[in-house]
Amino acid sequence: GEDVEQSLFLSVREGDSSVINCTYTDSSSTYLYWYKQEPGAGLQLLTYIFSNMDMKQDQRLTVLLNKKDKHLSLRIADTQTGDSAIYFCAEHVDSNYQLIWGAGTKLIIKP
Amino acid sequence: DVKVTQSSRYLVKRTGEKVFLECVQDMDHENMFWYRQDPGLGLRLIYFSYDVKMKEKGDIPEGYSVSREKKERFSLILESASTNQTSMYLCASTQDNSYEQYFGPGTRLTVT
């Protein structure tokens, strides 16, 4: 079946770049998403990429998609304390609006 | 701005109690979802609804039921709460022809 995998934790120093990785198994994905969950809050869509793209940039965020390896990454440049959150990778493969979710990567910022 | 609200942020219930979690969205979205979020497991889909009175089981429907009598409201019901249902419950909605899900702030349920 479909599966989305992420590491559970990532620790970086303030000002460095963070790279959060995600692998997925279903090659028929149409959209891949990154959601952000700040402490005590629900999830918010951060960015997404369509499966026929290999890169998308939005200010400090860069999404890279390697379809051959089924690998998605989110790079946050100049990581700030406000970037502390859990980042979820999700893919859409079905026609009924369901998403397949990763377990979430907790980004920890060291001063 | 799309707004998804959930009736409670924190809830404490006793084993065996019937629990209602309410979710309301104000953007006329057709599709609504209930997830539970547990550390290391991410989001697991309990039920979703693609129209009024329509529902589909997700990955972990056991011990839960849902109700969607009005388009804007989707309720999650725990008929007889158990301690293994202690979790964070997240509601989300999306409109047809869009896969972007909008989330409520979550309800942290503790069953003692």
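Points worth noting:
- For segment B:69-112, the set of residues classified as more than 13 Å from chain A (Cβ to nearest Cβ), of a type outside the set (Val, Ile, Thr) and either part of a loop (DSSP other than H, G, I, E, B) or over 11 Å from the mean Cα position of the chain (by Cα) (or both) consists of B:GLU69, B:LYS70, B:LYS71, B:GLU72, B:GLU79, B:SER80, B:ALA81, B:SER82, B:ASN84, B:GLN85, B:SER87, B:LEU109, listed by residue number.
- Here segment A:42-52 is the region considered, the condition is being in a loop (DSSP other than H, G, I, E, B) and surrounded by 14 or more Cβ atoms within 10 Å (Cβ to Cβ), and the residue that is nearest to the other protein chains (Cβ to nearest Cβ) is A:GLY42.
- The residue list B:ASP28, B:ASP38, B:ASP96 contains one member that is in contact (Cβ under 8 Å) with a residue 12 or more places away in the chain, open to solvent by 10 Å² or more (accessible area, probe 1.4 Å), in contact with an Asp or Glu (Cβ under 7 Å, 6 or more places away or on another chain) and under 28 Å from A:TYR31 (Cα atoms), which is B:ASP96.
- Verdict on B:GLY58 being away from chain A (no Cβ under 14 Å), open to solvent by 10 Å² or more (accessible area, probe 1.4 Å), in contact with a Leu (Cβ under 7 Å, 6 or more places away or on another chain) and of a type in the set (Gly, Ala, Ser): no
- If only residues of segment A:14-40 that are more than 29 Å from A:LYS110 (Cβ to Cβ) and open to solvent by 40 Å² or more (accessible area, probe 1.4 Å) are counted, the one that is farthest from the other protein chains (Cβ to nearest Cβ) is A:SER27.
- For A:ASP58, the test of being more than 14 Å from every other protein chain (Cβ to nearest Cβ), within 27 Å of B:PRO105 (Cβ to Cβ) and modelled with pLDDT under 95 is passed.
The values are calculated or read from the model by the stated rules, or taken from the named source; none is laboratory data. These numbers were taken from a predicted model, which means no experiment stands behind them. Please note: Cβ atoms are built from the backbone with ideal geometry, for glycine as well, and neighbour counts cover all protein chains shown. Remember, those area values only see protein heavy atoms, side chains included, never the ligands or the DNA or RNA. Shrake-Rupley method; radii C 1.70, N 1.55, O 1.52, S 1.80 Å.
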